[in-house]
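> Next up is a structure, given as structure tokens.
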Amino acid sequence: MAPLVEKVALVTGASRGIGRAIALKLASNGASVVVNYAGNVDKAQEVVTEIEKLGVQAIALQGDVSKVADIQRLFQQTIERFGKVDILVNNAGVIFYKPITEVTEEDFDKIFAINVKGTYFACQQAAQHLADGGRIINFSSSTTAMILPTYSAYVATKGAVEQLTRVVAKELGGRNITVNVISPGPTDTELFRQGKTEEQINRLAGMAALGRLGQVQDIADVVAFLASDEARWITGQNIRVNGGTA
Ligand SMILES: NC(=O)c1ccc[n+]([C@@H]2O[C@H](COP(=O)([O-])OP(=O)(O)OC[C@H]3O[C@@H](n4cnc5c(N)ncnc54)[C@H](OP(=O)(O)O)[C@@H]3O)[C@@H](O)[C@H]2O)c1
């Protein structure tokens, strides 16, 4: 039997990139999936259609994770539609590259609102609504270990996600809920390619021991493992999925 049959997963930022691959992988393992998106309704609907072709249920739900009311509504609508939530994947995230001297207050507030506030309040909703034995999988980045110029704000957000994950794991362990954070290395998505030259992309790919860019499937497979019963003894951990980059 598929390992996630009868489970319900909410994946933020699942219209594109890594989130899309996670939604498809969890569905192929049998989970019903909520495909959250911010603005790309067509892309989100395409993911739903792909999932339905697998004979699995899915819905697309708009919601800006930087708004607590939207996160609350996402949980309500998921429970109305599927009756529960077992797996929360806090994948939605944004990036920009600027030396610290050029970062504006607006830049800072926006990246913290999506990457940190979004993850934090989705964990709060999960703490209230996730089924016992559930799973929370947050998203950091291997850039917290690579230490690259122009990433200060992004790395600050991801460092916050790594730390809050450890505390929430302690708070929810009594209900057998595991809480982990995945830190991908350079992975071939729009977010990764945005603002980079081919030369920069090749240099980052070459930093991996395995000598290539990560593919979205490389990340989705590890999320599916953490979501499974086989990962029941892993909690409060930061898993760097990066082909040996850092
Ligand atoms: N790619 C990498 O190299 C890499 C490396 C390390 C970590 N990560 C992390 O992995 C995660 C996914 O990255 P990615 O490369 O797949 O990004 P991506 O291709 O840019 O996709 C971003 C996704 O997040 C959604 N999103 C953006 N802002 C949102 C908001 N305010 N509310 C809800 N959803 C929102 C987008 O929805 P719309 O389509 O509707 O805009 C889209 O589905 C991020 O947390 C990122 O920091 C990525």
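> Separation of the range 14-74 and the range 160-214 by C-alpha centroid, Å?
20
> Which peptide among 194-205, 235-246 comes first, and what is the full order, when sorted by highest mean count of other Cβ atoms within 10 Å? Provide the component values of the computation, followed by the final result.
Details: 194-205: 12.3, 235-246: 18.6.
Per-residue Cβ counts within 10 Å, averaged per peptide and sorted highest first, yield 235-246, 194-205.
> May I pose another question? Please sort by residue number the chymotrypsin sites (Phe, Trp or Tyr not before Pro) in the range 182-246 whose DSSP state is loop and whose Cβ has at most 15 other Cβ atoms within 10 Å. Please report the intermediate quantities before stating the final value.
Numbers: sites: 192, 225, 233; in loops: 233.
Those satisfying the criteria are 233.
> Can I ask one more? Just from its helices, what would the mean residue ellipticity at 222 nm be for the chain, if runs of 4 or more DSSP H residues each count -39500 (n - 2.57) and the sum is divided by every residue, rounded to the nearest 500 deg cm²/dmol? Before the final figure, lay out the partial values.
On the way: 10 runs with 110 residues, N = 246.
Calculated from helices alone, the mean residue ellipticity at 222 nm is -13500 deg cm²/dmol.
> For the range 134-207, with equal point scatterers placed on the C-alpha atoms only and solvent neglected, what are the log10 I(q)/I(0) values from the Debye formula at q = 0.19, 0.21, 0.23 1/Å, to two decimals?
-0.82, -0.92, -1.03
> Still on this model: Mind pulling the per residue volume of the convex hull built on the Cα atoms of the range 59-130? Å³ is fine.
Working: hull volume 6.4 nm³, N = 72.
Roughly 89 Å³ of hull volume per residue.
> Can you compute the radius of gyration and Dmax for the chain, using only the Cα atoms, both in Å?
17.0, 54
> Which residue, 31, 99, 88, has the largest displacement toward the positive end of the dipole of the range 17-111 when charges sit on each Cβ (Lys, Arg +1; Asp, Glu -1)?
Of the candidates, 31 comes out farthest on the positive side.
> Sticking with this structure for a sec: Given an 8 Å cut-off on Cα distances and at least 6 residues of separation, report the relative contact order of the chain as a percent.
On the way: 495 pairs, mean separation 47.5, N = 246.
In percent, rounded to a whole number, it is 19.
> Please go through the range 1-75 and write out the trypsin sites (Lys or Arg not before Pro) that DSSP classes as loop and that have at most 16 other C-beta atoms within 10 Å.
Answer in residue order: 67.
> Highest mean first, what order results for 28-36, 168-176 on Cβ atoms within 10 Å?
Numbers: 28-36: 24.7, 168-176: 14.7.
The densest-packed peptide leads the list: 28-36, 168-176.
> Please state the charge dipole magnitude for the chain, taken about the Cα centre, from unit charges on C-beta atoms (+1 on K and R, -1 on D and E), reported in debye and rounded to the nearest 20.
It works out to roughly 340 debye.
> If neighbour count is taken as other Cβ atoms inside 10 Å, put 188, 221, 229 in order from fewest to most. List each step's numbers first, then the result.
Working: 188 17, 221 14, 229 10.
If I rank by nearby Cβ atoms, fewest first, I get 229, 221, 188.
Values in this text are rule-based calculations from the coordinates and carry no lab data. Since this is a predicted model, take the numbers as computed values, not measurements. Please note: Cβ atoms are built from the backbone with ideal geometry, for glycine as well, and neighbour counts cover all protein chains shown.
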